[in-house]
1. Out of region A:391-400, which residues are more than 14 Å from residue B:84 (Cα to Cα), at the interface with chain B (Cβ under 7 Å from one of its Cβ atoms) and of a type outside the set (Lys, Arg)?
2. For region B:94-112, give me each residue that is of a type outside the set (Gly, Ala, Ser) and either at the interface with chain A (Cβ under 8 Å from one of its Cβ atoms) or in a helix (DSSP H, G or I) (or both).
3. Can you find, within region B:62-76, the residue that is farthest from the other protein chains (Cβ to nearest Cβ) among those that are touching a residue at least 12 places away in the same chain (Cβ under 8 Å) and of a type in the set (D, E, K, R)?
4. Could you identify the single residue in A:216, A:228, A:192 that is touching a Leu at 6+ places or on another chain (Cβ under 6 Å), buried (at least 24 other Cβ atoms within 10 Å of the Cβ) and either of a type in the set (Asp, Glu) or at pLDDT 95 or above (or both)?
5. Specify which of the listed residues (A:237, A:251) is touching a residue at least 40 places away in the same chain (Cβ under 8 Å), more than 28 Å from residue A:325 (Cα to Cα) and hydroxyl-bearing (Ser, Thr, Tyr).
6. Can you tell which of B:230, B:242, B:150 is under 24 Å from residue B:38 (Cα atoms), under 19 Å from the mean Cα position of the chain (by Cα) and away from chain A (no Cβ under 14 Å)?
7. Failed condition for residue A:372, given (1) surrounded by fewer than 21 Cβ atoms within 10 Å (Cβ to Cβ); (2) within 14 Å of chain B (Cβ to nearest Cβ); (3) not in a helix (DSSP H, G or I), with all others met?
8. Any chance you could count how many residues in region A:19-67 are part of a loop (DSSP other than H, G, I, E, B) and either within 18 Å of residue A:7 (Cα to Cα) or touching a His at 6+ places or on another chain (Cβ under 8 Å) (or both)?
Amino acid sequence: MATEMKDLHYDTSYLESFSGRRGEPDWFLDLRKKGLELAQTLPLPKPEKTRIIGWNFTQFEHELPTRTVDAVADLPESVRSLIGQGEQSGNLLVLHNGSTAYAALSEDLKAKGVIFTDLATALRDYGDLVKKYYFSKAAKLDAHKLTALNAALVNSGLFLYVPKNVDIEVPLQAVFWLDHDNGGLINHVIIATEANSSVTYVENYLSTTNSGQAVANIITEVYVGENARVQFGGVEYLSSDVTTFINRRGYVGRDGNLQWALGQMNDGDLITETYSELAGDGSSVDTKAVSIGRGTQKQNFVNRIKHYGKNSTSNMLIHGVQREEAQAIFNGITKIEHGASKSDGEQTQRVLMLSSKARGDANPILLIDEDDVVAGHAASVGRIDPIQLYYLMSRGIPKNEAERLIIHGFLEPVVSQLPIEGVKEQLAAVIEGKVQ
Amino acid sequence: MSQPVLKIENLHVAIEGKEIVKGFNLEIHGGEIHAIMGPNGTGKSTLASALMGHPKYEITEGKVTFLGQDLLEMEVDERARAGMFLAMQYPSEIAGVTNSDFLRTAINARRGEGNEIPLMKFIKKLDEKMALLDMGEEFATRYLNEGFSGGEKKRNEILQLMMLEPKLAILDEIDSGLDIDALKVVAKGVNAMRSPEFSCLIITHYQRLLNYITPDKVHVMMQGRIVTSGGPELAERLEAEGYDGLKKELGIEEEEGTVEQEA
């Protein structure tokens, strides 16, 4: 029964004190209290075929030490190497243990009414706007214990708002950096775009922790306005001491388009869901996600899309590599609701197994409640093709180098989608490290 | 030229327990171009794949010496680095790996660590060879053979041949599925490689390619071994008469259930 939870160290008076010190609006404190109450009674989520009893989601330090820097050059190498160069670097938020360490937003974007700031600041300066979106349509506070915990203890976050008719050509970048053993990164990201706008957002999660047990509880809500476009890139590589729950949820309006390109490279245990709701007619979503499992880590990936709007289209491409004794479950769920006529939902999941002790299950699920639609799925789990290996070796490439090429090629769909060179290179380097 | 580049002695090759190549003998010297012709199912592709070290084929008997070394003792990649190249009949597609990254990796594998090819030199060479083979610029950044038509794949095999500069190139039915223009381009590429340091073994079903690449010797393979050899005129004779005439002359009976070859 997934209801056991080790006692949380934080109570209502702690929340009142924490919220007061941050100058949060009353409605936000109320939601914190509601979350705390529900966290006691709601069950943990039940990811299919993955036992998460005993996973630590509740023991962590909450108020963490932070620091600021004056320039990007003052950031440590592991963070600095991610930052875009030249025109890709002017719009950046680096959060260290939940607080802003460095922030930059071009005058041009500010003048256009774009808001790009950490959540705490957004609550103080743009509270009403945040309230409109926070835990509204994309994510539900009472979904389960972990969403409730997120509401109760959120200590990190970001608010990105794009007014209507604003097209942002340069990518906006965020780095969430956890740098405290046993720390809790309880993060909430909101991206809201009004009609006819467009934005590219790339986020990185990294941890420079070593021992102990840290926790990351991350909820991301992306609102794509009518005829708006959002390109969302994300690379996570939290270390093995971090237990992670990450739930990214998109809500797409009429004729809106949402693209997810995710490199999920964490080393600890993970349950993650990427969910997109195609609410408006003509809306579309494209999800590409790659991951690598190694050591003894357990991961559960859910990629879910629901079609409500007519003429909506979705495409999912999920590639996972499993090595050593890692275990992972990949669930791809495409649901076409009654009324979403002339929709098209496609999904492909492939798992590359690099060892006989690793485990990877790919479960494709199509749930179709409408006649006049097109849907398709493909799922495969297999080893490196020996004939492909033979082909590369026949050109003089040694076996392990040939395997490396094949693995990088397998994960390329996401690497090539990321718009920032630094992030792309870092993902390629992380991949290299995880397959050694 | 005293030592042959390639010496095959009494080679027997089987797949899934069935013997396909049955006592094959051949010697190729530096600078020579040999052609092997024969009806379908006689073991031509099996021979080519076995020489390269394809995992599905089993050498049950025989010896192969390549540049003085025991070929059968070598791993696939070692054979390639020693100077052997096989242009395959059905090249693999490798998603996500660009043609140019792949070529550079292969060239550097041969050159060794610390002696990698400088980027500009590589790009210049690649552009030059692609132009010679009438391949558009986009071929460098397309993923290796992914979505390539049959003709494009064959051209890509010749591009690799020209970039890797092997000592011995084995072409496994490089002409199948090519129109006359593509055929001429392929021949142009191979002919550009001609030198005393380069030998070639062309496996072909049709004589047509040999109009553009003149072989020094032509061998006919039937039922797993060479049954007759000659000069270019042998190919012309086969083109005119088909294989039946030759079979009758040599007293060869049709064998039951000859195997369709697939790389």
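1. The answer is A:398, and nothing else.
2. B:94, B:97, B:99, B:101, B:102, B:103, B:104, B:105, B:107, B:108, B:110, B:111
3. The residue in question is B:63.
4. Of the residues listed, the single one that is touching a Leu at 6+ places or on another chain (Cβ under 6 Å), buried (at least 24 other Cβ atoms within 10 Å of the Cβ) and either of a type in the set (Asp, Glu) or at pLDDT 95 or above (or both) is A:216.
5. A:251
6. Among B:230, B:242, B:150, only B:150 is under 24 Å from residue B:38 (Cα atoms), under 19 Å from the mean Cα position of the chain (by Cα) and away from chain A (no Cβ under 14 Å).
7. (2)
8. Number of matching residues: 19.
The values are calculated or read from the model by the stated rules, or taken from the named source; none is laboratory data. All values derive from a computational prediction rather than experimental measurement. Please note: Cβ atoms are built from the backbone with ideal geometry, for glycine as well, and neighbour counts cover all protein chains shown.
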